[in-house]
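Okay, structure first, notes after.
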Amino acid sequence: MDLYRYRISGALLLAASLLFFAATGAVAAIDGVTGTSFSFTAREGVIANPDGSVIPIWGYANGDQAVQYPGPTLIVNQGATVTVTLTNQLAEPVSILFPGQKVTATGGASGLLTREALPGGASQVTYTFTASHPGTFTYYSGSHSDLQVEMGLVGALIVRPAGYDPQNKATWTAYGDARSAYDTETLFLMTEMDPELHYRAGAGLPADTTGFFPTIWFYNGRAAPDTMAPAGAGWLPNQPYNCLPQAHPGERVLMRIIGGGRDSHPHHTHGNNFELIARDGRLLESAPGASALLVADAPVFGTVPDLAVSNFTQAVIPGATYDTIFTWTGQGLGWDPYGAIDSACTDADHDGKDDVHGRMCHDASCTDTNGDGFDDASKEYCADHGKPFPVRLPGQQDLTFGQFYSGGPFLGSAASLPPGQGGFNPAAGYFFMWHSHNEKELTNNDIFPGGMLTMFLVLPFGTDMP
Amino acid sequence: MAGASVFFQCPTLSNPGDPGSVIYNGTFADNVVVDGMIRADQGEILNPVSPRQVCVHLSSGDGFVNMADKQLDPDGNGMGHEQYMFGFKNITGIPDAEAMLAGMLAAEFPAPTLKFKEGDEVYLSLTNVGMMMRPDLFDPHTVHWHGFPNASAIFDGEPMSSVSINMGATLTYYYKVIEPGTFMYHCHVEATEHMQMGMLGNLYVTPAQDGTQKSFGGRTYSKFAYNDGDGSTGYHVDFPVQILGFDSNFHDQHIAVQPLPFAEMYDDYPMLNGRGYPDTVNPAPLPNSFDGRLSQPIPALITANQGERILLRLSSLSTVAFHSLTVQGIPMQVIGEGSRMRRSFYTTNTVTLGGGQSMEVLLDTQGVAPGTYFLYTTNLDHLVNRQEEYGGMMTEIVIQ
Ligand SMILES: [Cu+2]
Ligand SMILES: [Cu+2]
């Protein structure tokens with residue numbers, strides 16, 4: 001324990017408190033800009049990091065809004081004709097590439113890879129493509145890319161499948177059928193930064209990218225613990241996106257992962273395996289519709305494409321995108337993660353709450369009418385229902401408690417903690433760290449913890465998302 | 001030291017047959033420990049709470065190991081560069097009153113291999129013995145079973161969402177092992193530091209199908225990587241091989257009580273199973289130069305008889321980089337990754353693993369001439385022990 005860690009744990013507390021007291025609804029969908037016609041401006045800006053560093057960036061701004069890192073997440077519908085008009089306020093030509101799309105570029109000046117917008121706002125380029133295929137894609141500058149992408153000219157493109165209706169959960173899929181259905185989705189755009197390059201380029205000095213040496217790492221443009229702060233937080237005006245996956249037991253979490261920088265990163269999910277169902281916007285299927293029904297080794301409920309790969313760590317390669325489905329149930333723990341059966345509790349309507357008093361409680365029933373082994377409503381694993389907690393925990397003086405620990409081992413029932421410990425898990429969920437497993441990348445300019453790290457929250461059945 | 005807080009927890013029934021009569025300080029027959037574990041199915045637990053109960057006791061603390069640059073001999077001790085480390089030690093069977101002493105300065109690299117069987121109910125006690133050489137530190141520790149399916153927060157070992165164990169005390173983890181596969185384990189407290197410092201080890205689970213006979217490809221197997229149903233993952237000998245490395249600057253700064261160079265982290269001692277080549281192929285446990293303890297007990301030498309199938313249980317706990325591994329002269333059939341059997345197998349000559357990835361690879365030695373073959377990283381700059389060349393992340397496969 002040294003001074004650095006005391007500093008950073010203060011920052012973590014701050015983030016956690018904001019997570020639970022400032023976050024607002026609509027967490028099930030990814031933040032971004034929707035529509036068919038977009039106007040981007042490439043501009044200079046700065047980002048602020050948890051270590052106190054303020055780093056110059058070049059980013060795409062949506063219209064005349066704040067420049068941002070990463071660029072605005074474009075969320076469009078399958079079949080739409082999408083136009084992105086780019087204005088350049090940087091000192092060198094800039095452009096946008098849309099890998100995986102058939103793009104027509106007009107205006108501006110011709111560049112090596114595509115047409116470019118010239119400096120000073122004098123010329124505009126318009127990129128037009130038909131979003132023919134649903135999925136997760138990326139976009140980034142095709143001009144002086146070794147520096148410009150590092151500087152922040154990179155973003156995500158999400159194409160919603162035909163039939164997607166944000167108001168109708170039954171239509172929420174990544175690729176248009178049940179194999180990619182989800183209950184919540186989160187973007188993980190993974191980038192890294194060499195601040196020295198940014199200070200030089202930001203000052204108009206030559207920046208030699210061959211000496212690239214990153215010292216800070218990001219999910220969606222934020223380094224931990226800011227990954228867990230609210231989206232649109234006022235003190236992060238140029239980093240509007242957070243990275244805060246959460247779900248109830250049994251729900252399907254769609255992770256849309258993008259290798260946005262120039263390094264590869266192993267993205268690890270504590271809590272369970274996931275199923276990799278698509279790569280670069282294409283389902284991993286041997287034939288259209290081919291699916292695997294997961295039973296014995298099911299980390300997820302339902303089906304996945306037949307060539308899906310189960311794993312606990314996804315290697316994320318520069319420029320590639322990955323869609324994965326994650327589900328957590330606590331299946332097979334050998335003890336009841338909801339704790340002892342509450343004999344004073346009657347929950348005939350299976351909403352996780354006492355029918356009379358409305359308090360959260362865990363009654364004697366586990367109702368599995370469809371025979372999948374789980375309670376039909378709560379997705380509790382019935383074979384472990386009522387099984388006692390298997391070990392004796394040490395006394396409080398012998399333990400150090402994490403800020404995201406509820407005080408007890410049971411989902412949905414918090415327990416008391418020593419003063420000043422824990423305290424940021426009022427719903428008594430289970431938190432699981434999702435992070436780069438090249439652990440060096442869990443630092444912000446020499447300070448641990450930070451970097452490519454966030455927490456996935458399993459919310460107890462019957463609790464709402466914050 | 002609060003010796004009273006050391007508590008190797010291997011619960012038993014005070015009244016055999018009565019599941020309600022659990023006592024947590026039961027008795028066990030520690031005179032028959034042969035595998036570093038106390039197992040009910042080997043008759044080592046009196047009145048076990050489950051016929052598949054397994055009890056293990058690890059200590060966490062510090063210690064020293066020496067690197068493989070024994071030719072250059074940078075420290076002049078003839079044993080290679082001495083490195084301070086954090087690590088685990090298997091102290092199963094040692095009485096609670098002696099556990100602290102047994103764990104002090106006893107860190108091993110890599111951590112003791114944990115090998116379980118599908119169906120086991122594991123009680124893993126972790127006693128934090130403290131860091132003798134860094135008395136200014138009061139770090140807690142954990143065990144994180146990396147890849148455990150449907151984990152709980154309390155037994156996940158990730159300290160922000162859970163608990164970690166303070167010096168002088170014991171925390172017991174419980175794992176009902178319902179899936180076979182190649183996992184790994186490490187301490188997750190201040191993960192970048194504790195993992196770079198060496199708190200890493202092999203962990204794998206053999207499937208329930210083991211012990212049955214299945215014929216596949218003209219050969220009959222009784223050991224399998226997974227419950228494949230058809231013998232397609234059958235093997236004769238298996239070897240866990242873990243990618244890891246030390247950044248000598250980080251370790252040297254640590255023992256010098258200097259600020260830790262996270263941003264500069266670079267493993268100039270790339271290793272397999274805690275050793276650089278040629279130490280990887282030395283079958284003996286290796287002593288350190290600090291106090292002569294055998295702190296590197298695990299070789300990475302792979303041996304088989306011609307015609308056998310070798311299962312490599314590959315994992316990476318590098319804190320820095322992706323690595324590719326290749327086997328010269330023997331095709332590599334990838335049959336599983338991330339502790340799951342692949343839905344389709346493929347054959348290759350290289351596999352790539354970042355930190356936290358695992359993979360099962362079959363090497364079929366049928367028709368392979370007896371001799372020595374090499375398993376090494378194709379990140380060729382990692383074939384060094386810092387200044388000494390012809391070393392690093394490499395080992396040998398000897399076919400007899
Ligand atoms: Cu982790
Ligand atoms: Cu891990």
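When the expected Rg is taken as 2.2 N^0.38 Å, what fraction or multiple of it is the alpha-carbon Rg of the protein assembly as shown?
0.94
In peptide A:262-272, how many Cβ atoms from other protein chains are near each Cβ within 10 Å, on average?
Counting Cβ atoms of other protein chains within 10 Å of each residue's Cβ and averaging gives 5.
Extending each Cα 7 Å along its Cβ direction at residue A:377 and residue A:393, get the distance between those two points in nm, one decimal.
In this crude spin-label approximation the distance works out to 2.7 nm.
How well do other chains shield peptide B:134-147, expressed as the mean number of their Cβ atoms within 10 Å of each residue Cβ?
Partner Cβ neighbours, averaged per residue: 2.
Using r as the Cβ-Cβ distance of residue A:343 and residue A:80, and R0 as 35 Å, what FRET efficiency do you calculate, to the nearest 0.05?
Details: r = 56 Å, r/R0 = 1.61.
Once the sixth-power term is evaluated, E becomes 0.05.
Each residue of the stretch A:176-191 in order: what ³J(HN,Hα) in whole Hz does its phi give by Karplus 6.51 cos²θ - 1.76 cosθ + 1.60, θ = phi - 60°, with x for Gly and Pro?
Karplus-based 3J(HN,Hα) across the stretch A:176-191 equals x, 8, 4, 5, 10, 5, 8, 9, 9, 9, 9, 8, 10, 8, 9, 9 Hz.
Can you tally the net charge around residue B:309? Count Lys and Arg as +1, Asp and Glu as -1, for every other residue whose Cβ sits under 15 Å from the Cβ of residue B:309.
Local charge sum for residue B:309: -3.
Determine the per residue accessible area of the protein assembly as shown with all protein chains present and a 1.4 angstrom probe, expressed in square angstrom.
Accessible area per residue: 33 Å².
Where in the stretch A:196-221 is the amide nitrogen less than 15 Å from a point lying 7 Å along the Cα-to-Cβ axis of residue A:54?
Within reach of a label on residue A:54, which here means backbone N under 15 Å from a point 7 Å along Cα→Cβ, the stretch A:196-221 contributes A:199, A:202-203.
Quick one: which residues, 5 or more positions from residue B:398 or on another chain, have an amide H under 5 Å from its amide H? H modelled 1.01 Å from N in the peptide plane, none for Pro or chain starts.
B:302, B:303, B:304, B:373
Quick one: the Cα spread of chain B along its three principal axes, in angstroms, biggest first?
57, 55, 36
Kindly provide the Kirkwood hydrodynamic radius of the stretch B:132-241 in Å, to one decimal, from all pairs of distinct alpha carbon atoms.
16.3 Å
Among B:237, B:54, B:129, which one shows the highest mean-square fluctuation when chain B is modelled as a Gaussian network with alpha-carbon springs under 10 Å?
B:237
Which cross-chain or sequence-distant (5 or more) residues have an amide H under 5 Å from the amide H of residue A:87, H modelled 1.01 Å from N in plane?
A:40, A:41, A:42
Would you please state which residues of the stretch B:266-287 a label at residue B:390 would reach in this model, taking the label point 7 Å out along Cα→Cβ and a backbone N cut-off of under 20 Å?
What the label zone holds, given the 20 Å backbone N cut-off, is B:269-272, B:275-283.
What number results when the radius of gyration of the stretch A:341-385, computed over Cα atoms, is divided by 2.2 N^0.38 Å?
Relative to the 2.2 N^0.38 Å estimate, the stretch A:341-385 comes out at 1.10.
Which distance in nm do the two modelled labels at residue B:41 and residue B:71 give, with both placed 7 Å along the Cα-to-Cβ direction?
Going from the residue B:41 label point to the residue B:71 one covers 4.6 nm.
Please state the charge dipole magnitude for the protein assembly as shown, taken about the Cα centre, from unit charges on C-beta atoms (+1 on K and R, -1 on D and E), reported in debye and rounded to the nearest 20.
For this selection, approximately 1120 debye.
Work out, step by step, the length gained on full extension between residue A:203 and residue A:37: first 0.36 nm times the residue separation, then minus their alpha carbon distance; give nm to one decimal. Write down the numbers at each step before the final one.
Numbers: separation 166, 0.36 × 166 = 59.76 nm, distance 3.30 nm.
Stretched out fully, the residue A:203 to residue A:37 stretch lengthens by 56.5 nm.
Give me the number: length gained by fully extending residue B:18 to residue B:345, i.e. 0.36 nm times residue separation minus the C-alpha to C-alpha distance, one decimal in nm.
Details: separation 327, 0.36 × 327 = 117.72 nm, distance 4.64 nm.
So the extension gain works out to 113.1 nm.
Among A:377, A:352, A:367, whose Cα projects farthest towards the positive end of the dipole of the stretch A:341-385, with charges put on the beta-carbon of Lys, Arg (+1) and Asp, Glu (-1)?
So the residue furthest toward the plus end is A:352.
Under 27 Å between alpha carbons: how many lysine pairs meet that in the protein assembly as shown, if sequence neighbours fewer than 8 apart on the same chain are excluded?
Lysine pair count for the protein assembly as shown: 23.
Under the classification rounded if a/c is under 1.5, otherwise prolate if a/b is larger than b/c and oblate if not, where does the stretch A:307-461 fall, given a ≥ b ≥ c as square roots of the Cα gyration tensor eigenvalues?
oblate
May I ask you to derive the FRET efficiency for residue B:237 and residue B:266 from their Cβ-Cβ distance with R0 = 45 Å, giving the value to the nearest 0.05?
0.85
Name the residue from A:328, A:315, A:338 whose Cα lies farthest towards the positive end of the charge dipole of the stretch A:296-359, charges +1 on Cβ of Lys and Arg and -1 on Cβ of Asp and Glu.
Final value for the positive-end residue is A:315.
Using the crude model of +1 on Lys and Arg Cβ and -1 on Asp and Glu Cβ, and no other charge, please compute the dipole size for chain A relative to its Cα centre, in debye to 20. Mind showing how you got there, number by number?
Values: 21 positive and 45 negative charges, 206 e Å.
With Lys and Arg at +1 and Asp and Glu at -1, about 980 debye.
Less than 12 Å Cβ to Cβ from residue B:78, Lys/Arg counted +1 and Asp/Glu -1: what total charge do the surrounding residues give?
-3
So what is the relative contact order for chain A, in percent, with contacts set as C-alpha pairs under 8 Å and at least six apart? Could the numbers behind the result be given before it?
Values: 1207 pairs, mean separation 68.4, N = 466.
Once normalised by length, the contact order is 15 percent.
If each of residue A:92 and residue B:253 carries a label point 7 Å out from its Cα toward its Cβ, how far apart are those two points in nm?
Each label point is offset 7 Å from its Cα along the Cβ direction, giving 3.1 nm.
At a Förster distance of 22 Å, what's the computed FRET efficiency of residue B:25 paired with residue B:101, Cβ-Cβ distance as r, to 0.05?
0.65
May I ask you to rank B:394, B:199 by accessible area, largest first, using a 1.4 Å probe over the protein chains only?
B:394, B:199
Need one number: buried accessible surface between chains A and B, 1.4 Å probe, both sides summed, DNA, RNA and ligands left out, in Å² to 100.
5600 Å²
Return the unpartnered cysteines for the protein assembly as shown, using a Cβ-Cβ cut-off of under 4.7 Å.
Those would be A:243, B:187, since no other cysteine Cβ in the protein assembly as shown comes under 4.7 Å of theirs.
Expressed as a rounded percentage, what relative contact order does chain B have, with Cα pairs under 8 Å and six or more residues apart?
On the way: 1137 pairs, mean separation 57.3, N = 400.
Result for chain B is 14 percent.
So for the stretch A:333-466, averaging the separation of alpha carbon pairs under 8 Å that are six or more residues apart and normalising by length, what relative contact order in percent results?
For the stretch A:333-466, the relative contact order is 19 percent.
Which peptide among B:137-147, A:199-209, B:332-342 comes first, and what is the full order, when sorted by highest mean count of other Cβ atoms within 10 Å? Don't jump to the answer; show the numbers that get you there.
Details: B:137-147: 24.0, A:199-209: 14.1, B:332-342: 22.5.
Listed from highest to lowest mean packing, they are B:137-147, B:332-342, A:199-209.
Once the Cα atoms of helix A:3-21 and of chain A are each reduced to a long axis, what angle between those two axes, in degrees from 0 to 90 to the nearest 10, is obtained?
Roughly 80 degrees, rounded to the nearest 10.
At 222 nm, what helix-only mean residue ellipticity would chain B give, in deg cm²/dmol to the nearest 500, using -39500 (n - 2.57) for each DSSP H run of four or more?
Using -39500 (n - 2.57) per qualifying helix, the result is -1500 deg cm²/dmol.
Could you work out, for chain A, what percent of all Cα-Cα pairs fall into each 10 Å distance bin, beginning at 0 Å and stopping at the bin that holds the largest distance?
4, 20, 29, 25, 14, 6, 2, 0
Hey, if you put +1 on the Cβ of every Lys and Arg and -1 on every Asp and Glu Cβ in chain B, which of B:153, B:107, B:363 ends up farthest toward the positive end of that dipole?
B:363
Roughly speaking, what is the stretch gain from residue B:303 to residue B:400, that is 0.36 nm per residue apart minus the C-alpha to C-alpha distance, in nm to one decimal?
Using 0.36 nm per residue and subtracting the Cα-Cα distance, I get 34.2 nm.
The values are calculated or read from the model by the stated rules, or taken from the named source; none is laboratory data. Source: prediction; values computed, not measured. When we count neighbours, we look across all protein chains shown, and the Cβ atoms used for this are built from the backbone with ideal geometry, even at glycine. Only protein heavy atoms, including side chains, enter the accessible area calculation; ligands, DNA and RNA are left aside. Shrake-Rupley method; radii C 1.70, N 1.55, O 1.52, S 1.80 Å.
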